[in-house]
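Just below is one structure, and these are the notes that go with it.
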Amino acid sequence: MRDTTAGDSVVGRMAGASSGTPYATQPVAVSAASSPPATSQKTGARVLTKNVTANIVADLIIDFCNDYGDVISNLRLQKLLYYAQAWHLALHGKELFPDRFEAWIHGPAQPEVYARFAPFTHRPIDQENRNWAVPKPIKQHIVDLMEAYGRFSSFDLERLACDEEPWREARKGLPADEPSTRAIDTATMKRFYKDKTNGEKSQDA
């Protein structure tokens, strides 16, 4: 696995770990998963008939973990999904998907995806590969994401996200153990992670 601080590659520009603090649990309502999409008879891949959503990107991350024998909990999925969005904003100037993140007690969370996998609680998510047929740049973004963040545990990712400005800004004025549905501002995410990218470039110069 490549060093997350190496060079000026996409992976090298993604953030490394930092410290954080533990937080109490936030309750969430559970909703039913969406109906399965059509599949290609030639490849068995699921045909993308709409724009990429947070649920589709979550499936891509789970597929990646399945392919490499890695376990992933809902908490870990939430943070990886958040960083997928954050770094797409920073590196490509636009959202990977339109679904918003909220500043929950344990860090950034995407409510619909969290509710979908809530029945697994803290256990590993047990889901067969969905094999979405997404554009190659999106697949590569997930590979870059996992090379930069895949080695971190749920605890590591929580501490990292909770120590960064976008989540902290959204939770400003709230006690550490108070549930919240405040949205994490995408403009703040874009600026913050783009600044981290620029900082990496300055150090390499």
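Values in this text are rule-based calculations from the coordinates and carry no lab data. Just so you know, these numbers come straight off a predicted model, no measurement behind them. Cβ: placed from backbone, ideal geometry, glycine included. Neighbour counts: every protein chain shown.
Against the numbered list (1) at positive phi; (2) surrounded by 20 or more Cβ atoms within 10 Å (Cβ to Cβ), residue 121 comes up short only at (2).
Can you name the helices (runs of 4 or more DSSP H) wholly within region 125-203 that have at least 1 residues being farther than 30 Å from residue 66 by Cα and in contact (Cβ under 8 Å) with a residue 24 or more places away in the chain? Break it down stepwise before answering.
Working: elements: 136-149, 154-162, 165-170.
Per the criteria, 165-170.
Answer yes or no as to whether residue 102 is closer than 20 Å to residue 53 by Cβ, touching a helix residue (DSSP H, G or I) at 6+ places or on another chain (Cβ under 7 Å) and either in contact (Cβ under 8 Å) with a residue 60 or more places away in the chain or crowded, with 19+ Cβ neighbours inside 10 Å (or both). Yes; evaluated as a whole, the condition is true for this residue. Just wondering, is there one or more residues in region 167-185 that are touching a Gly at 6+ places or on another chain (Cβ under 7 Å) and either exposed (fewer than 12 other Cβ atoms within 10 Å of the Cβ) or under 16 Å from residue 80 (Cα atoms) (or both)? Scanning region 167-185, I find at least one residue that is touching a Gly at 6+ places or on another chain (Cβ under 7 Å) and either exposed (fewer than 12 other Cβ atoms within 10 Å of the Cβ) or under 16 Å from residue 80 (Cα atoms) (or both), so the answer is yes.
Just to be sure before I move on: is residue 159 under 24 Å from residue 62 (Cβ atoms) and crowded, with 16+ Cβ neighbours inside 10 Å in the structure I sent?
On the way: under 24 Å from residue 62 (Cβ atoms): yes; crowded, with 16+ Cβ neighbours inside 10 Å: yes.
Spelling it out, residue 159 is indeed under 24 Å from residue 62 (Cβ atoms) and crowded, with 16+ Cβ neighbours inside 10 Å.
Name the single residue that is surrounded by the most Cβ atoms within 10 Å (Cβ to Cβ) among those in region 72-94 being more than 16 Å from residue 148 (Cα to Cα) and among the small types (Gly, Ala, Ser). Top of the filtered list is 73.
Quick one: is residue 69 at positive phi and surrounded by 15 or more Cβ atoms within 10 Å (Cβ to Cβ)? No: the conditions fail for residue 69.
Under the condition of being within 16 Å of residue 76 (Cβ to Cβ) and surrounded by 14 or more Cβ atoms within 10 Å (Cβ to Cβ), which residue from region 125-145 is farthest from the chain's Cα centre (by Cα)? So that I can check it myself, show each step before the final result.
Our first condition is that a residue be within 16 Å of residue 76 (Cβ to Cβ); within region 125-145, this holds for 125-127, 142, 145.
Still in the running and surrounded by 14 or more Cβ atoms within 10 Å (Cβ to Cβ): 125, 127, 142, 145.
On the way: 125: 15, 127: 17, 142: 10, 145: 9 Å.
Checking each candidate, the answer is 127.
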